[in-house]
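The values are calculated or read from the model by the stated rules, or taken from the named source; none is laboratory data. None of these values were measured; they are calculated from a predicted model. The protein model used for the area step is the full one, side chains on, heavy atoms only, and it has no ligands, DNA or RNA in it. Shrake-Rupley method; radii C 1.70, N 1.55, O 1.52, S 1.80 Å.
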Amino acid sequence: MNPEKLAKLQSQVRTGGKGTPRRKVVKASKPVAKEDPKLASTLKQLNVQPIPDVETINIFKDDGKVLGFSAPRLSANLEANTFVIAGKPSEKSLEQALTEMIPQIGSFGPESLSQLARMAGGFQSGSGVGDIDDDIPDLVASGEDAADSKTDLDAAD
């Protein structure tokens with residue numbers, strides 16, 4: 001090969017002066033899954049701690065649908081009764097969610113299966129899970145009546 005032609009080609013390749021690399025390689029940076037700084041600061045203020053090894057989370061809605069999270073990041077502050085679920089949700093029907101839950105619940109015992117059957121029966125009858133307050137007794141007297149009766153007792157003294 002002609003040395004003059006080779007020197008000319010080498011001089012065209014160099015982008016800077018003597019001692020610089022011959023070519024600038026532009027490396028494409030991969031996007032890193034980074035948590036939102038505002039969210040991170042809010043979670044820090046709530047004092048939530050991560051709970052590891054949670055496979056699925058199902059949230060039962062009043063309309064009979066189930067909001068399911070697969071491999072979520074769960075954080076909680078049990079003292080403040082605060083839970084944070086991070087992940088991509090998928091909306092399922094009740095039947096789909098129950099068929100996915102039965103293999104997992106079988107390991108907890110028969111009482112879990114009976115509770116699940118009662119929950120499913122409640123959704124089929126239309127009452128839903130939101131009607132749990134059957135155990136709470138009705139309020140007998142209002143606060144105003146109690147305040148009036150207290151003043152009557154004070155007047156009798």
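Given a 1.4 Å probe and heavy atoms of the protein chains only, how would you sort Met101, Met119, Met1, largest accessible area at the top?
Met1, Met119, Met101
Go through Lys30/Lys88; Lys38/Lys92; Lys30/Lys61 and tell me which ones have a Cα-Cα distance over 32 Å in this structure.
Lys30/Lys61, as the Cα separations exceed 32 Å there.
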